[in-house]
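What follows is calculated from the coordinates using simple rules that are stated; it is not laboratory data. This one's a predicted model, so the numbers in the text were calculated from it and none came from an experiment. Using ideal geometry, Cβ is built from the backbone for each residue, glycine included, and neighbour counts are taken over all protein chains shown.
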Amino acid sequence: MELLYHIAESDAWQEAQQKGEYLPAGFSAEGFIHCSFREQIIPVADRFYYGRAGLVLLEIDPSMLKAEVRLENLEGGAELFPHIYGALNLEAVRRAMDFSARPDGSFAFPAEK
């Protein structure tokens, strides 16, 4: 499976560093962590996070995950999105990149370093 991406609040990601695992605020209600494939992340960011700062983009290696990943669309569309059904173990995160909106409010994939 290709790399997965998740948009996280910077504060929540910093807290995860202390806890040793990451769970987003909505996890208790939804039961999974929303993720995207690379080609999906910018449309998702523009739709749900337009104009936001203080975000990080987590690049996740699915082969390192302890929790199950399911490809599904729970809104009835044809496009499948990866969902992690459990906590995100930190060793599965290859990198965390600053992911703030551009001046016009839209997003771009972080530049490779």
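Looking at A92, is it among the aliphatic types (A, V, I, L, M), over 17 Å from A111 (Cα atoms) and in contact with a Gly (Cβ under 7 Å, 6 or more places away or on another chain)? Taking the combined requirement at face value, the residue does not satisfy it.
Can you report the number of residues in segment 32-51 which are among the hydroxyl-bearing types (S, T, Y) and in contact with a strand residue (DSSP E or B) (Cβ under 8 Å, 6 or more places away or on another chain)? Please lay out each step first, then the result.
Restricting attention to segment 32-51, the residues satisfying the condition of being among the hydroxyl-bearing types (S, T, Y) are 36, 49-50.
In the following step, the residues that additionally are in contact with a strand residue (DSSP E or B) (Cβ under 8 Å, 6 or more places away or on another chain) were identified as 36, 49.
Matching residues across segment 32-51 total 2.
The one condition from (1) touching a strand residue (DSSP E or B) at 6+ places or on another chain (Cβ under 7 Å); (2) in contact (Cβ under 8 Å) with a residue 24 or more places away in the chain; (3) closer than 25 Å to S100 by Cα that L65 does not meet is (3). What do you reckon, is Y50 hydroxyl-bearing (S, T, Y) and buried (at least 17 other Cβ atoms within 10 Å of the Cβ)? It is false that Y50 is hydroxyl-bearing (S, T, Y) and buried (at least 17 other Cβ atoms within 10 Å of the Cβ).
Residues that are surrounded by 15 or more Cβ atoms within 10 Å (Cβ to Cβ) and at positive phi: does segment 65-74 have at least one?
So the first thing to find is which residues in segment 65-74 are surrounded by 15 or more Cβ atoms within 10 Å (Cβ to Cβ), and the list is 65, 67, 69.
Applying the additional criterion that residues be at positive phi yields none.
No - not one qualifying residue is present in segment 65-74.
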